[in-house]
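Participant: My structure is below; once you've seen it, I'll send some questions.
The numbers here are math on the coordinates, done by the rules we state, and not lab data. Keep in mind that this is a model prediction, so the values were computed, not measured. Cβ placement follows ideal geometry from the backbone for every residue including glycine, while neighbour counts extend to all protein chains displayed.
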Amino acid sequence: MKRTKLYLFCGKGGVGKTTISSAFSISKALKGNKTLLISTDPAPSLSDLIDTEICNLTFIEIDPQKELENYIENAISFVKSNFNLEVFDKVEAFFRNMGSTPGAEEFALLERLSHLAFETFHNYNVVVIDTAPTGTTLQLLKNSLRAGEWLKELITQRKKAERLKSAAGEVFKEIPLQIENRLERLEKLSDLFISSGTFIPILLAEKLPIAETARLIKELESIGIQIDTLIVNRLLPENPADRFFQKRKHQERLYLEEIRRVFYPRRVITIPMKETDISSVKDLQDIAELLKDL
């Protein structure tokens, strides 16, 4: 059975991840690959960008805040239905406060992605994830690895927890099974990220994106993810007539040289800036042509 190919586009906010990942997905779909495009970035809207139906392409938009709200409500509902009032009162406050906890949205996203990986990914030849900005992406990856170890420890404590069976009732039998199911999903997601995921950083030919991309690659490679290709987006035309843009182009060339030097021997793909906004599938198809060898 052919294994699903997973691509994750990452980088600083505002570098064009949604545009590039959408164009790349269209490129794959037009080649006959059944493609799933997932956006975990709350800012852009795929439904606005991809305004017509494309054969072989499905897209899903995940709102991190809504995922967190759903996660909290489902957890509260489970406790309310299966535990006594005293337990529920104590646990409800914990879950209500979870929304303001650092990393909570990333964990909720991780839960949704793990379900998709377990239930949906195998139906597609290609899965493309338009990630949130760099820091969020790294946190999500770290959580996926740490959560697996945490859940393993919970399962090893199963016998100890059996002592509480009389207080919790028969529902306790369901909890270890739920933990095991969640662990299985998270381990599959982690395996996809680490062993099967192709991470493609996107940056601009500017100082801050270069520095942030260098940090991103260093952290990804520290957990076993190799980066082979980078995309430099929105390059100015080669010979601008205006003096202002001539100076900008000169600076851009210097930064592009720096990118090729700093990230050597990785492949660098360049995408020129278009004269108008990217606002239609036709615009995306033009960019897709530049990504056809990915």
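Participant: Work out, step by step, the length gained on full extension between Glu275 and Gln246: first 0.36 nm times the residue separation, then minus their alpha carbon distance; give nm to one decimal.
Facilitator: Working it through step by step, the gained length comes to 8.8 nm.
Participant: In addition: Quick one: length gained pulling Glu119 to Gln285 fully straight, 0.36 nm per residue minus the C-alpha distance?
Facilitator: On the way: separation 166, 0.36 × 166 = 59.76 nm, distance 2.96 nm.
Length gained between Glu119 and Gln285: 56.8 nm.
Participant: Right, something else. Quick check on the exposure proxy: order Asp286, Asp228 from fewest to most C-beta atoms within 10 angstrom. Don't skip to the answer; put the middle values down first.
Facilitator: Numbers: Asp286 14, Asp228 11.
Final ranking by Cβ density, sparse to dense: Asp228, Asp286.
Participant: Mind sorting Arg96, Arg266, Arg261, Arg234 by how few other Cβ atoms lie within 10 Å of their own Cβ, fewest first?
Facilitator: Starting with the residue having the fewest Cβ neighbours, the order is Arg261, Arg96, Arg266, Arg234.
Participant: Between Phe95 and Val262, what is the label-point separation in nm under the 7 Å Cα-to-beta-carbon projection?
Facilitator: 4.5 nm
Participant: Going down the table (Lys218/Lys282; Lys17/Lys218; Lys28/Lys247; Lys31/Lys207; Lys17/Lys66; Lys66/Lys188), which pairs top 27 Å between alpha carbons?
Facilitator: Lys218/Lys282; Lys28/Lys247; Lys31/Lys207
Participant: For Leu208 and Glu69, what is the calculated FRET efficiency with R₀ set at 35 Å and r taken between the beta-carbons, to the nearest 0.05? Mind showing how you got there, number by number?
Facilitator: Values: r = 33 Å, r/R0 = 0.93.
Efficiency computed from Cβ-Cβ geometry: 0.60.
Participant: Could you list Lys249, Lys188, Lys17 in order of exposure, starting from the residue whose Cβ has the fewest other Cβ atoms within 10 Å?
Facilitator: The fewest-first ordering by Cβ neighbours comes to Lys188, Lys249, Lys17.
Participant: Loop only by DSSP, 10 or fewer other Cβ within 10 Å of the Cβ. Give me the GluC sites (Glu not before Pro) in the stretch 189-234 that pass, ordered by residue number.
Facilitator: none
Participant: What length, rounded to one decimal in nm, is gained on full extension from Glu184 through to Lys31, with 0.36 nm per residue of separation minus their alpha-carbon distance?
Facilitator: 51.8 nm
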